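A.B. asks: Have a look at this one.
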Amino acid sequence: MTVPNFSEIRQSYHMTRATYGTWLHGDERGSWASDGTFVRPDPLIERGERRRCKYDAIRLTPPARRIVFDAIRAEAVFRRYKIYALNVLDNHVHLLIAVPVEIKPKVALSQMKARATIALRKAGYFQDRSIWTSGGNASLIKTEGYFRRVCNYIVNKQKEPPFDTDKR
């Protein structure tokens, strides 16, 4: 892992995006509402959220995970963003990325989601349904120590290791 200079750290974000139906309000892990308030774990809220789902939860297979991984990398190259860590799991994506200061982090997150969605649909996945939750999260990286912890978390602390970008 290459640690960026401080000006890049100030432009770096830990972004996450869950697949549809896998992290609902009321979930035992808690969640964040669109207004920024924390929603505590509550089985009643979670059951209500699950009843409102139009489809079953989306789980990405290993080939679909690879498609998402490659699409996010391609979008970052196209946009000239710098990816420091990326892990696509069966139910969510973690991304540590530097974006130009003029780009809002939610815009960058939406760009990554759009490219991944197009690639999945082109490959025949999830043609008539939502793939991702609405929103997502983008947390600013404020220090080198935090940068290192987030990178370690994305690369080493997930249930699945990241794809090896040097092997296919």
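A.B. asks: Grab the DSSP H runs of the chain that are 4 residues or longer, score each as -39,500 (n - 2.57), total them, divide by all residues and round the 222 nm result to the nearest 500 deg cm²/dmol. Mind dumping the intermediate values first?
C.D. replies: Working: 5 runs with 63 residues, N = 168.
Mean residue ellipticity, 222 nm, calculated: -12000 deg cm²/dmol.
A.B. asks: Further question: Would you please give the FRET efficiency between Arg121 and Lys159, computed as 1/(1 + (r/R0)^6) with r the Cβ-Cβ distance and R0 = 22 Å, to the nearest 0.05?
C.D. replies: Working: r = 26 Å, r/R0 = 1.18.
Rounded to the nearest 0.05, the efficiency is 0.25.
A.B. asks: Follow-up. Can you pick out the pairs among Lys54/Lys104; Lys104/Lys159; Lys106/Lys157 whose Cα atoms lie more than 28 Å from each other? Intermediate values should be presented prior to the final figure.
C.D. replies: Details: Lys54/Lys104 30 Å; Lys104/Lys159 30 Å; Lys106/Lys157 24 Å.
Check vs 28 Å cut-off fails for Lys54/Lys104; Lys104/Lys159.
A.B. asks: Going by average Cβ density within 10 Å per residue, which order do the peptides 50-59, 66-75, 104-113, 128-137 take, highest to lowest? Don't jump to the answer; show the numbers that get you there.
C.D. replies: Working: 50-59: 12.0, 66-75: 19.8, 104-113: 18.2, 128-137: 15.5.
Top to bottom by mean Cβ count within 10 Å: 66-75, 104-113, 128-137, 50-59.
A.B. asks: Next question. Aspartates and glutamates near Lys122 by alpha-carbon distance under 17 Å, same-chain residues fewer than 8 away left out - which ones?
C.D. replies: Partners within reach: Asp70, Glu75.
A.B. asks: Would you please give the residues with an amide H less than 5 Å from that of Gly26, counting only those at least 5 places away or on a separate chain, with H modeled from the backbone geometry?
C.D. replies: Ser31, Asp42
Readers should treat all values here as calculations from the given coordinates under stated rules, not as data from a laboratory. In this text, all values refer to a predicted model and were calculated from it rather than measured experimentally. Here Cβ is always computed from backbone atoms with ideal geometry, including for glycine, and neighbour counts include all displayed protein chains.
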